[in-house]
Amino acid sequence: MSIQILIADDHGVLRAGLRALLTAESDLKVVGEAADGEEALRLADELAPDVVLMDLSMPGPGGIETTRQLKEMLPNVRVLILTVHEDEGLLQEAIQAGAMGYIVKRAVESELIDAIRAVSRGDLYVHPAMTRALFREMVSPSVSGRSTVDVEKPTPREIDVLRFIAQGYTNRQTAEALHISVRTVESHRANLMGKLGLKTRVELVRYARESGYIE
């Protein structure tokens, strides 16, 4: 039986290339393509794929938030993140959201195919360049244990930015949603990190959850 795959990426040329690559393998079958997070959720519910190949930076809900909603809706689906972002914080967020794999777009074709087969079996697959981030996550303390004494509270606008970032939106997507510039988003994000004593994106997401800004 072939592995049923849904491709979720907003670049049509890339989707076409992936479809050609994957359908050349006898055990892989592309059953659908989505250009944004909402379409990915709709098609996954309709097609029940084995694996969703998920880009992080898509219109609408970002790849991480889409992964989180997808796993709540279809717990048995396997999500493999395929992204240009070699970001350890994003890797940690993706795994926490329920992704079974994380591979960067510069990977060779054989690595992508191996990754799809691995996650379809229920194995965790992380591109070799990113594996050290998982070890750091295993040993790093949760930010929930940090001191809250004399911590300056975020402003309402900083909280708006925080909510979008914590749901996996890029700086540009956040800027468009809030009708502000990318530079302003970056400034609010830097201010948040400084006020809260946080160093990574994953810590920012944890703070948002623990503070009730996102579910």
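Values in this text are rule-based calculations from the coordinates and carry no lab data. Just so we're clear, the structure is a prediction, and the values are computed from it rather than from any experiment. Counting neighbours? That spans all protein chains shown, and the Cβs are built from the backbone with ideal geometry, glycine included.
Counting only trypsin sites (Lys or Arg not before Pro) that DSSP places in a loop and that have at most 12 other Cβ atoms within 10 Å, the longest clean stretch of the chain runs over 1-105. Placing +1 on the Cβ of every Lys and Arg and -1 on the Cβ of every Asp and Glu, with nothing else charged, gives the chain a dipole about its Cα centre of roughly 560 debye.
Overall, the anisotropy analysis places region 1-73 in the oblate class: the square-rooted eigenvalues a ≥ b ≥ c of its C-alpha gyration tensor yield a/c not less than 1.5, with a/b not exceeding b/c. The charge dipole of region 51-113, taken about the Cα centre with unit charges on the Cβ atoms of Lys, Arg (+1) and Asp, Glu (-1), comes to about 200 debye, rounded to the nearest 20. Within straight-line reach of K195, meaning a Cα separation under 20 Å, sit the following aspartates and glutamates at least 8 residues removed in sequence or on another chain: D150, E152, E158, D160, E186, E203, E210.
For M100, neighbours were defined as the other residues whose beta-carbon sits under 13 Å from its Cβ, and their charges (Lys and Arg +1, Asp and Glu -1) total +2.
For region 164-212, the Cα-based Rg and Dmax, in that order, read 10.6, 28 Å. Think of the chain as a dipole: +1 on every Lys or Arg Cβ, -1 on every Asp or Glu Cβ, centred on the Cα centre; then among L53, G12, H179, H179 lies furthest on the positive end. Taking square-rooted eigenvalues a ≥ b ≥ c of the alpha carbon gyration tensor, is region 80-120 rounded, prolate or oblate, where a/c under 1.5 means rounded and, failing that, a/b exceeding b/c means prolate? Here region 80-120 falls in the oblate category. I need the calculated FRET efficiency for the pair S110 and K199, taking r as the beta carbon distance and R₀ as 35 Å, to the nearest 0.05. For R0 = 35 Å, the calculated efficiency reads 0.50.
Could you tell me which of A34, G89, I103 has its Cα farthest along the dipole of the chain towards the positive end, charges placed at Cβ (Lys, Arg +1; Asp, Glu -1), taken about the Cα centre? It is G89. Every Cα-Cα pair of the chain was included, and the share exceeding 25 Å stands at 39 percent. Shown here for region 38-119: GluC sites (Glu not before Pro) in loop regions (DSSP other than H, G, I, E, B) with at most 16 other Cβ atoms within 10 Å, namely E86.
Counting only residues at least eight positions apart within a chain, or on another chain, the lysines with an alpha carbon under 27 Å from that of K29 are K71, K105.
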